[in-house]
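Every read-out reported here was derived from the displayed coordinates using simple, explicitly stated rules and does not represent laboratory data. Quick caveat, the model's predicted, so the values are computed rather than measured. Don't worry about glycine lacking a Cβ; one is built from the backbone with ideal geometry, like all the others, and counts go over all protein chains shown.
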Amino acid sequence: MFDYLIVGAGFAGSVLAERLASVSNKKVLIIDQRDHIGGNAYDYFNKQGILIHKYGPHIFHTNSKKVFDYLSEFTQWRQYEHRVLASVDGQLVPIPINQNTINKLYGLNLSCSEIEGFFESKAEKRERVLTSEDVVVNKVGRELYEKFFKNYTRKQWDLDPSELDASVTARVPTRTNRDDRYFTDTYQAMPLHGYTHMFRKMLSHPNIKVMLNTDYREIADVIPYKVMIYTGPIDAYFNYCYGRLPYRSLEFKFETYDMKTYQPTGTVNYPNEHAYTRTTEFKYLTGQSHDKTTIVYEFPKAEGDPYYPIPRPENAEIYKKYQRLANAMTNTYFTGRLATYKYYNMDQVVAQSLTLFEKVSQQQSEKHVNGQKIYQHT
Ligand code: FAD
Ligand code: UDP
């Protein structure tokens with residue numbers, strides 16, 4: 001008898017498995033339908049011996065000391081600040097848009113305060129900033145919006161920015177200084193030996209059994225357990241009873257080139273040309289030395305693995321209906337990017353799962369104290 005069946009061995013599931021096993025001394029079975037742990041953060045050495053991320057580039061960054069300290073129990077870190085250039089008007093310029101971007105793009109030499117004035121002169125002020133178009137146009141005006149955001153967003157989401165919540169393009173906020181880092185978080189680092197190595201350590205506790213290549217539906221009625229934690233797509237769990245929640249997918253194309261360095265920075269974004277959105281060179285992220293180098297190209301598509309929840313009001317409405325069903329369940333909990341339909345970064349998923357661990361521990365121990373029997377889930 002397992003105390004917990006955890007569906008999905010990504011960040012959401014692995015954090016819960018580790019906490020329940022090591023803090024609460026619970027017996028945990030964690031399963032994944034894929035043939036590996038780590039979820040979308042899984043990395044491995046390809047046949048040329050270069051460490052790559054199977055599901056696209058994953059760069060760790062957080063402002064949460066709690067999350068950083070927690071993960072530090074399972075990995076050492078390599079300091080890494082990600083930098084991205086966008087290919088616009090035949091030049092490679094920094095994104096997020098900053099002082100250097102404007103000066104390079106327009107051949108100017110504006111100071112920090114002059115840049116503020118520049119943006120103000122271009123901005124089309126919106127009374128209410130609701131959509132991903134509003135966010136950018138309100139801050140820097142239509143021309144920069146069209147050069148950097150409009151076409152990238154259409155390619156990535158197959159939607160116009162005006163059809164997406166403000167939160168999507170707000171992830172890439174404009175700056176008036178020269179800071180050309182992609183993220184400004186306090187902690188920016190990559191797991192020194194990779195994500196998979198870190199996950200292996202998280203799941204190496206004797207109370208944890210890992211089962212791969214298994215959909216939970218194959219075993220849920222066969223293997224006894226008391227409580228389920230589910231981290232897959234929430235609509236699939238409820239057999240799509242309110243219809244399908246849309247997710248955006250990607251196809252990854254990996255190329256290895258016989259050269260030490262391929263591009264000038266970790267990622268180059270292509271808002272306006274090519275069918276792919278960006279190219280990432282893994283060696284920048286991992287710090288690996290190798291005579292060859294591997295690049296990933298990301299091609300957005302509708303069908304395929306569910307990678308991105310699509311933040312827009314009509315999808316939030318569908319999610320709310322599923323959330324109501326989820327909240328009504330007593331011995332099944334939902335966490336993670338797919339099970340809570342949130343466009344979360346890794347650190348946000350870790351934080352969410354640490355919080356859920358507290359809640360689950362409290363609720364389950366209350367049941368124990370009250371002498372209630374917890375029935376096997378079927
Ligand atoms: P997942 O990692 O998706 O894990 C869920 C697991 O559940 C999967 O392994 C799946 O196989 C399994 N599962 C689903 N259904 C079943 C079932 N029926 N039975 C058994 N198993 C099942 N975040 C960052 O912080 N920085 C980045 O740079 C970054 N880059 C990203 C780039 C891309 C292209 C993508 C798609 C995401 C990126 N993210 C990044 C986000 C990051 O991937 C997620 O925040 C994180 O991986 C979510 O973890 P999770 O455990 O919720 O979900
Ligand atoms: N975006 C854009 N142009 C860029 C970079 C980002 O239009 O050069 C928009 C786009 O809609 C994208 C979103 O901002 O999906 C969030 O970008 P981020 O790099 O955070 O995406 P992720 O790494 O999650 O794919």
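Which aspartates and glutamates have a Cα lying under 12 Å from the Cα of residue 66, excluding residues fewer than 8 positions away in the same chain?
347
Against the longest alpha carbon principal axis of the chain, how many degrees, from 0 to 90 and to the nearest 10, is the axis of helix 112-122 turned?
90
Which entries of 125/301; 125/150; 26/209 show an alpha-carbon separation above 22 angstrom in the structure shown?
125/301
For a quick check: with amide H placed at 1.01 Å from N, whose amide H comes under 5 Å from residue 83's, ignoring anything fewer than 5 positions away on the same chain?
182, 266, 267
Normalising by the residue count of segment 98-169, find the relative contact order in percent from Cα pairs under 8 Å and 6+ residues apart.
Result for segment 98-169 is 28 percent.
Pull up the DSSP beta bridges for the chain and report the antiparallel fraction as a percent, rounded to 5.
65
Ordered by residue, what ³J(HN,Hα) values in Hz, to whole numbers, does segment 90-99 give under the Karplus form 6.51 cos²θ - 1.76 cosθ + 1.60, where θ = phi - 60° and Gly and Pro are x?
Values per residue, Gly and Pro as x: x, 10, 9, 10, x, 10, x, 4, 9, 4 Hz.
How big is D for the chain, in µm² s⁻¹ as a whole number, if Stokes-Einstein is applied with the Kirkwood radius of its Cα pairs at 20 °C and 1.002 mPa s? Before the final figure, lay out the partial values.
Values: Rh = 22.4 Å.
For these conditions, the coefficient is 96 µm²/s.
Straight-line reach only, C-alpha to C-alpha below 13 angstrom: list the aspartates and glutamates that residue 201 could link to, leaving out same-chain residues fewer than 8 apart.
18, 73
Report the extension gain between residue 324 and residue 65 in nm, rounded to one decimal, defined as 0.36 nm multiplied by the number of residues separating them, less their alpha carbon distance.
Using 0.36 nm per residue and subtracting the Cα-Cα distance, I get 90.1 nm.
Give a residue-ordered list of calculated ³J(HN,Hα) values for segment 307-321 (Karplus: 6.51 cos²θ - 1.76 cosθ + 1.60, θ = phi - 60°; whole Hz; x for Gly, Pro).
Result, rounded to whole Hz: 9, 10, x, 10, x, 7, x, 5, 6, 4, 5, 5, 4, 4, 5.
Given labels modelled 7 Å from the Cα in the Cβ direction, how far is it in nm from residue 100 to residue 275?
Taking the simple label geometry, residue 100 and residue 275 are separated by 3.3 nm.
Explain nothing, just compute: Karplus ³J(HN,Hα) = 6.51 cos²θ - 1.76 cosθ + 1.60, θ = phi - 60°, for every residue of segment 269-274 in order, whole Hz, x for Gly and Pro.
So the J values, rounded to whole Hz, are 8, 10, x, 10, 10, 6.
What is the distance, in nm, between label points placed 7 Å from the Cα along the Cα-to-Cβ direction at residue 114 and at residue 314?
Each label point lies 7 Å from its Cα, and together they span 4.7 nm.
Post the alpha-carbon centroid distance, segment 193-238 to segment 246-282, in whole angstrom.
Using only Cα atoms, the two centres lie 31 Å from each other.
Any chance you could run the full-extension gain for residue 126 through residue 158? It's 0.36 nm times the residue separation minus the Cα-Cα distance, nm to one decimal.
9.1 nm
Could you list the residues of segment 24-48 with an amide nitrogen less than 15 Å from a label point located 7 Å from the Cα of residue 212 in the Cα-to-C-beta direction?
Under cut-off, by backbone N: 30-46.
Residue 303 versus residue 361, label points 7 Å from Cα toward the beta carbon: distance in nm?
Placing both labels 7 Å along Cα→Cβ, they lie 4.5 nm apart.
Extension gain residue 236-residue 252, at 0.36 nm per residue separation less the Cα-Cα distance, in nm?
Taking residue 236 through residue 252 to full extension adds about 3.4 nm, to one decimal.
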